[in-house]
Structure formats: structure tokens, C-alpha cells
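The values are calculated or read from the model by the stated rules, or taken from the named source; none is laboratory data. Because the structure is a prediction, the values reported are computed rather than measured. Cβ coordinates were reconstructed from backbone atoms using ideal geometry, including for glycine residues, and neighbour counts include every protein chain displayed. Accessible surface is based on the protein model in full, side chains and every heavy atom, while ligands, DNA and RNA are left aside. Shrake-Rupley method; radii C 1.70, N 1.55, O 1.52, S 1.80 Å.
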Amino acid sequence: MIIGSLEDCSRRGTTDFSNNSQPRSDFMRAFVLHGPKDMRLETIPDPKPGPDEVKIRIKRVGICGSDMHYYQHFGIGSFIPKEPFALGHEFSGEVVEHGSLVETVKLGDRVTVEPGLFCGKCRYCKAGRYNLCSAMRFYGSASCYPHLHGGFAEYVIAPARNCFHVPDGMSYGEGALIEPLAVGMHAVIRAGSLGGKVGLVTGGGTIGQTVVLSALAMGIDRIYVSDIAPFAREFSVAHGATDAFDPTSPSFADDIKAAAPDGFDAVFEASGSPRALSQAFELAGRGAVVVQIGTQPAEVTLPANVVMSKELTVYGSFRYAHVFPQIITLATQKRMEIAPMITQVFPFEEMQKAMDVSIAKDGVIKVQVEYT
Ligand SMILES: [Zn+2]
Ligand SMILES: [Zn+2]
């Protein structure tokens, strides 16, 4: 889920294919995407940290919907890669090197990385909304150039300010889940106070599940899920959702009516389906909030007049800002049970299989890859 314009990613510390003159020992293994469904295990230059950066040996990386989209189409929206690059922006690992100015992490620390490298200088960053940064660089994305290699490699370089400690008792797998959970938590925070309210999440995939967990942690009274996949519905109910409905079922209208006779107070669209977004407007109650998280096609037909007649408030939710510490705390205190979201784990060498299983979606919430 990436929007924005192509930005200049040039800076020290990022891996770059032009730098092929390094000795062999300065290379690392990475799964590099060359084109649609063309991912190759290669050696690429081993990155070196700058003064305020750390080098992280990746332990776990999750496969995101945007990784799958890049893999299948070698592009996402207007972002067309100009050169091969390594995907992956949901990762955790161990600090193995750092620059001279780094004080917040030390060698051997277990960290997870917030993958949006914001500039800190633009008007959005200065206003605290750094997820909207006009010069954002993002791991495993072609949204900036040179592309920033992601966690499908053995090492990454990250600014120290983007690193968050993975506490004792939290696994690297859970650490690599903080990023997708941040997407759900940001959407929930966008919706405002949820105490005593009734919500609906359309789309029970990874992001839908992170919305369910986040909404419950933030005090929502009841949260329902709609999804066409039986596994997504069963998983939702087993992990906190009040109930889950099949939007293609003849009983759907009755199910919804029984769950929320006056409509839902908050509807979170996390499927990317135009029909679901339209439905979100219809199923929202008077004075309700609709939050769009899923990436929709460029143009979608919507029942616009209900925004007026029901006085709906419609929010977009893009990535996240300031939520990593909150999620780590909630997960550590077991106020969010996040580990069950990891449904499959593959070794690094089986990255291709991990991608295939992730795309097949059969019994999948989150596929992760483990580095040994
Ligand atoms: Zn993602
Ligand atoms: Zn900025």
C-alpha cells in the first residue's frame, strides 16, 4: 500500500547495485526481484552503516500484500522498478554494527524496524505526520530511487531512530509483526474514540486482523468481520472478533441487521474491494466513521449521498506514525495476542515457497521467513 511520487533515495548506507567493485567478503545473500515472478537468490553489496545508522542481521521477515503485488506485477500503481531490488519491509533482527553517533541501541540488541525513512524536515514531518513525508524512503519499495533494498536480504542498514527494541519474552517473529499491526492501529486511531462502540472490518486478511486486535485493545465494545474466505472468518472469531459474516451469503443482510440494527459506528475497509468500500458507506450508521485502509482501483463508484445524509466522516489511513512503542507495550502486556497471526514460517532458502504460499492464501494470515 504505497502512494506518492518517485523520490531520490541517494544516501550512504543503502545497498546499491552500482557498487560492484567491493571485495567478495563485502557481499551478502539476498532474494532480488528482477521482473514479474522472477526472484533470484544472489549476492549483493553488504551495506555499511553511516554515523547515525545501525546494521541489522535479519532474523525474521514477513511477506506483505505489497511484496506479493511487486512480485507478481513488478510494480504497484505508478511505482515501476527501474532496477532489480530486494523486497521486504516487515522485519526484526540483531544489531551487529553501528555508527559512531548511535546511542539508543548497542551491539547484540534485538530490534524491529519502522520501515518508513522520513526526512524530518518537510512540513508533514514537522507537523508530526511523518507517514505523509514528501521525501519518504521505504524498504523494499520502488517508490524512491535508487530503490531501498528490503529485508529479503541478510542485512539492512537503518537509522537508529527507526529501531525499536524487541523486549525479552517477545520473539523475533512477533517483532516482525509490529509493522503490519502498526497499520491496523493507525487506522483505529484515525477512527477516534471507540469505547462502547460497534465496528465492522471488511476484509479479514492480515490488515483486517490487525484492525480487530487494535480496536479491541482500544476498547471497542464489539467488532465484526466480513470476508468471503471461510478461513478468514474462522480465524477472526477465534481471535477476538464478535462474529464474522460472508458478504456473498443470502443471510448477509439479516446478519448485519442483527449485529448492528442502527448500522455500525465505525467501518474499516481493509479488503481493497470496490464493492466492500461501497458497502462500508451503506453499513455505516448515522454519524459513523468510515476508514479506508485497503488500496482501491483508481476509480470507484460510491453512494456519495449517504456521506451527506448520514453525516459520515471518511478517513484515509496510510501506513502509520508514532504507534510502534504502543503496540510493543500492548503485545508485551498480552493485551494484544499477536503470535497466532503467524500461520506459516519458512527458512530463508525457501523464500520462493514462502512467496508462493502467501499468494495462494490458503489458510494464510501471515507468512514469515526465518533466517538462521
Ligand atoms: Zn506492508
Ligand atoms: Zn518529511
Would it be correct to say that Glu179 is under 26 Å from Tyr130 (Cα atoms), assigned to a helix (DSSP H, G or I), away from ligand 1 (no atom under 16 Å from the Cβ) and of a type outside the set (A, V, I, L, M)?
-> no
List every residue pair whose Cβ atoms sit under 7 Å apart, with the two residues 6 or more apart in sequence or on different chains, where the first one lies in region 128-145 and is touching a residue at least 60 places away in the same chain (Cβ under 8 Å) and the second, anywhere, is within 11 Å of ligand 2 (Cβ to nearest atom) and in a helix (DSSP H, G or I).
-> Tyr130/Tyr124; Leu132/Tyr124; Ser134/Tyr124
Kindly indicate whether Val306 is open to solvent by 60 Å² or more (accessible area, probe 1.4 Å) and not in a loop (DSSP other than H, G, I, E, B).
-> no
Residues in region 257-269 that are open to solvent by less than 20 Å² (accessible area, probe 1.4 Å) and under 28 Å from the mean Cα position of the chain (by Cα) total 5
Looking at Ile56, Ile63, Ile76, which is the one that is more than 16 Å from ligand 1 (Cβ to nearest atom), closer than 21 Å to Ala354 by Cβ, surrounded by 19 or more Cβ atoms within 10 Å (Cβ to Cβ) and among the β-branched types (Val, Ile, Thr)?
-> Ile56
Considering region 98-119 alone, what residues qualify as being closer than 23 Å to Met185 by Cα and either away from ligand 2 (no atom under 16 Å from the Cβ) or free of Cβ contacts under 8 Å to residues at least 12 places away in the same chain (or both)?
-> Arg110, Val111, Thr112, Val113
Tell me, please, whether a residue that is over 29 Å from Pro115 (Cα atoms), outside any loop (DSSP other than H, G, I, E, B) and touching a residue at least 40 places away in the same chain (Cβ under 8 Å) can be found in region 207-215.
-> no
May I ask you to list the residues in region 1-53 that are among the charged types (D, E, K, R), open to solvent by less than 70 Å² (accessible area, probe 1.4 Å) and at pLDDT below 50?
-> Glu7, Asp16
Can you tell me which residue among Cys133, Cys163, Cys144, Cys122 is surrounded by fewer than 19 Cβ atoms within 10 Å (Cβ to Cβ), more than 14 Å from ligand 1 (Cβ to nearest atom) and either in the same structural domain as Met355 (by TED's automatic domain parsing) or not basic (Lys, Arg) (or both)?
-> Cys122
Residue match in region 103-113 (condition: crowded, with 23+ Cβ neighbours inside 10 Å, modelled with pLDDT of 95 or more and within 16 Å of ligand 1 (Cβ to nearest atom)) = yes
Picking from Phe231, Phe235, which residue would you name as being at pLDDT 95 or above and either closer than 10 Å to Thr202 by Cα or surrounded by 23 or more Cβ atoms within 10 Å (Cβ to Cβ) (or both)?
-> Phe235
Expected single match for outside the structural domain of Gly50 (by TED's automatic domain parsing) and buried (at least 22 other Cβ atoms within 10 Å of the Cβ) among Leu117, Leu87, Leu194 is Leu194
Checked pairs for region 317-335, first closer than 22 Å to Val289 by Cα, second aromatic (Phe, Trp, Tyr), C-beta under 7 Å and 6 or more apart or across chains, list as Ala321/Tyr130
Among all residue pairs at least 6 apart or on different chains, which show Cβ distances below 7 Å where the first residue, located in region 298-310, is closer than 17 Å to Ala266 by Cα and the second is in a loop (DSSP other than H, G, I, E, B)?
-> Val306/Leu312
Checked region 280-301 for anything under 24 Å from Ala229 (Cβ atoms) and modelled with pLDDT under 95; matches are Gly294, Thr295, Gln296, Pro297, Val300
